[in-house]
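S.K.: Please find one structure pasted underneath; my questions will follow.
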Amino acid sequence: MPLSARARQLAIPIAAFAVGLGMLGGVAVLTLTPSARQSTTAEIGGPFQLVTHDGRPVTERDFKGAPHLVFFGFTHCPDVCPTKLFEISEVLRATGDRGKALRALFITVDPERDTPEVLKSYLASFDERIVGLTGSPEAVQATTRAYRAFARKVPTKDGDYTMEHTSLVYLMDRTGRFVGSFNLGRPPAEAAQDLLRRL
């Protein structure tokens with residue numbers, strides 16, 4: 001039976017809609033396929049040029065070859081930083097002799113006060129495999145951005161200041177790529193096994 005004039009009028013926009021929907025679907029498939037998606041883990045971390053608590057210039061390449069942890073903080077931190085560093089120390093100690101190559105990087109977000117000497121004195125209370133890193137404000141800011149971390153200076157009532165910062169502990173693999181957030185809220189022996197299996 002021939003199409004009525006009304007049906008013919010509706011057929012054109014419906015066909016156009018169907019074609020558009022098909023094209024949109026094709027774009028969605030291309031966008032969501034693994035080959036087209038950029039890995040979010042590749043966006044965290046990257047090149048840096050900092051100085052250790054022993055005064056030695058280092059880059060991210062110096063820590064490749066073994067998995068390592070990264071934590072941003074500062075030595076004037078009242079509670080979060082010493083707690084995290086203690087927990088990291090317990091995990092590293094639990095790795096025993098097998099974990100000798102493991103490192104944890106404590107990157108200051110307060111380079112104005114955290115000189116290599118200050119970091120060295122502060123880290124003496126924790127596991128020796130924790131490496132303090134500092135540098136110029138520009139170098140520290142660039143590293144903070146590379147790890148998508150957050151840091152902000154907050155003035156205090158006494159005219160001094162404190163730092164708000166990311167409390168995430170990053171787990172990096174032996175090639176320096178970001179694996180994920182490292183869970184310290186479990187027994188040290190269990191967390192240590194997580195590190196050792198990545199060696």
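The values are calculated or read from the model by the stated rules, or taken from the named source; none is laboratory data. Quantities reported herein were computed from a predicted structural model and do not represent experimental measurements. Methodologically, a virtual Cβ is constructed for each residue, glycine included, from the backbone with ideal geometry; neighbour enumeration extends over all protein chains shown.
S.K.: Counting just the residues of the stretch 39-97 that are of a type in the set (S, T, N, Q) and touching a Lys or Arg at 6+ places or on another chain (Cβ under 8 Å), which one comes out modelled with the highest pLDDT?
M.R.: Step by step, filter the stretch 39-97, then rank; the result is THR75.
S.K.: Please work out if ARG152 is assigned to a strand (DSSP E or B) and either within 16 Å of ALA191 (Cα to Cα) or basic (Lys, Arg) (or both).
M.R.: yes
S.K.: Suppose we keep only residues that are in contact with a helix residue (DSSP H, G or I) (Cβ under 8 Å, 6 or more places away or on another chain) and of a type in the set (Gly, Ala, Ser) within the stretch 126-140. Which one would you say is nearest to PHE72 (Cα to Cα)?
M.R.: Only one residue tops the list, namely GLY132.
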